Number of protein chains: 2
Amino acid sequence: MPKNRNISMAVIRRLPKYNRCLKDLLDKEIYRISSKELSVILGFTASQIRQDLNNFGGFGQQGYGYNVEELYHEIQKILGLTRDYKAVVVGVGNLGQAIANHTNFEEHGFKILAMFDINPTLIGLQIRGTPVLDNKELRGFIKANDIEIGVITTPVQVAQSVADELVEAGIKAIWNFAPMDLKVPDDVVVEDVHLNESLFIMSYLIKEKALLKSLEEPEDKK
Amino acid sequence: MPKNRNISMAVIRRLPKYNRCLKDLLDKEIYRISSKELSVILGFTASQIRQDLNNFGGFGQQGYGYNVEELYHEIQKILGLTRDYKAVVVGVGNLGQAIANHTNFEEHGFKILAMFDINPTLIGLQIRGTPVLDNKELRGFIKANDIEIGVITTPVQVAQSVADELVEAGIKAIWNFAPMDLKVPDDVVVEDVHLNESLFIMSYLIKEKALLKSLEEPEDKK
């Protein structure tokens, strides 16, 4: 059995932060770091960091710290970032275009081979070299090109039917930007980006900070 | 002291899902629901739901369930969604435009009063009625209009300096789309949308599903 069975998603969701931090260190030519130093950069406690990284085997050495390069490559492997992924985007609005224009994704191995829409004025265009095709061609394109990832940036009203089509065509994962919970078979991954939810968390935090501030103010100022 | 002190962020981060679910129920004219029924819709256990909602006082009644309308309004209050927020967007690329075009945000009370960029071909344009102004006017605009939220959709290279400017102008919260951790004073809220991190979680999940599948396959098929 591989080591990383039964690791909680809370740990997994912290890994991209480690990944980014280690990449920054390598860019700065820092090759060795202690959990204490990592703690300062990441804002997690040193013990949290040691615990997180122990899940994946013992990369740290007492009195030496972590080998940044080794740790970075290990986390890349764990996150599945050591190979390329072929993707399509469905829905060529601003959000779909923002994703197609995000060169960064391609650097990490996520290649968008085509975008799909129903709007005839968009079909036939190229966005940063990526063709916009007719939704009708979606299924055939996915099968012919072994596409693994479908990005849904359509209006919410059609998101489930697009998801159904992606699943039927044999997609492995859906990156869903529509503000709804898609219904898909168990063997299909769905990763949601729910912008509304993030916005509501922000308004909660604004409210809480204001409340704290009002509690902290001296009585005579009230 | 208000009831909702010391509630873990894990609970808070689930509230937008309750909020959306309850809104859907109201739209369907369903006014009463049990934690068991909520559990089926939300995919959390009924005991998790009761525990979550107990944090905010006892909205449920034995043998009756929850009053959907009451619970919805209570969650709206907790999330700080019972009032409007004034926002500006800095960075008028595709992502900035996608956010300005997202009518849904406005429905929830988040009003984008202006967008800012340094690109002279964009300055002076209107996006869905929202003016694009020169970055130089950012500070003055925030002060003059009591803007509370700054949305950062600029390239990562300038994100920190934009954040500094927003903070100096007196912003309360930053919705940050740049793939970095901004440094801001303690009294400023930062809510990050790190698309890369979401993408890496997806590649992790794809890898894990493939691994599970290979383990499940009968030996003679390998």
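The values are calculated or read from the model by the stated rules, or taken from the named source; none is laboratory data. As the structure is a prediction and not an experimental result, all values here were calculated from the model. Using ideal geometry, Cβ is built from the backbone for each residue, glycine included, and neighbour counts are taken over all protein chains shown. Heads up: the accessible areas ignore ligands, DNA and RNA and are worked out on the full protein's heavy atoms, side chains in. Shrake-Rupley method; radii C 1.70, N 1.55, O 1.52, S 1.80 Å.
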>> Every residue in the range A:168-182 that is in contact (Cβ under 8 Å) with a residue 12 or more places away in the chain and within 20 Å of the chain's Cα centre (by Cα), please.
In response: A:I171, A:K172, A:A173, A:I174, A:W175, A:N176, A:F177, A:A178, A:P179, A:M180, A:L182
>> Every residue in the range A:29-46 that is within 14 Å of another protein chain (Cβ to nearest Cβ) and open to solvent by 60 Å² or more (accessible area, probe 1.4 Å), please.
In response: A:V40, A:I41, A:G43
> In the range A:167-175, is there at least one residue being under 13 Å from A:V90 (Cβ atoms), away from chain B (no Cβ under 13 Å) and either open to solvent by less than 70 Å² (accessible area, probe 1.4 Å) or at pLDDT below 95 (or both)?
Replying inline: yes
> Is it the case that B:E137 is surrounded by fewer than 13 Cβ atoms within 10 Å (Cβ to Cβ) and farther than 23 Å from A:N196 by Cβ?
Replying inline: no
> Given the residues A:I127, A:I152, A:I201, which is the only one that is closer than 18 Å to A:N94 by Cβ, crowded, with 18+ Cβ neighbours inside 10 Å and over 18 Å from the mean Cα position of the chain (by Cα)?
Replying inline: A:I127
> Out of curiosity, is A:D117 among the charged types (D, E, K, R), surrounded by 16 or more Cβ atoms within 10 Å (Cβ to Cβ) and free of Cβ contacts under 8 Å to residues at least 24 places away in the same chain?
Replying inline: no
>> Just to confirm my filter: which strands (runs of 3 or more DSSP E) fall fully inside the range A:47-127 and include at least 3 residues that are more than 14 Å from chain B (Cβ to nearest Cβ) and at pLDDT 95 or above?
In response: A:110-117
>> One residue is enough: does the range B:195-210 have a residue meeting the conditions at the interface with another protein chain (Cβ under 7 Å from one of its Cβ atoms) and under 17 Å from A:G43 (Cβ atoms)?
In response: yes
>> So, in the range A:1-46, how many residues would count as being of a type in the set (S, T, N, Q), at pLDDT 90 or above and under 20 Å from the mean Cα position of the chain (by Cα)?
In response: 1
> Across the range B:181-193, which residue is nearest to A:K17 (Cα to Cα) among those that are part of a loop (DSSP other than H, G, I, E, B) and more than 7 Å from chain A (Cβ to nearest Cβ)?
Replying inline: B:D181
>> Could you check the range A:61-90 and list, in sequence order, the residues that are among the small types (G, A, S), open to solvent by 10 Å² or more (accessible area, probe 1.4 Å) and either within 22 Å of A:K17 (Cβ to Cβ) or in contact (Cβ under 8 Å) with a residue 12 or more places away in the chain (or both)?
In response: A:G65
> Condition test on A:I123, is it more than 26 Å from B:V193 (Cα to Cα) and aliphatic (A, V, I, L, M)?
Replying inline: yes
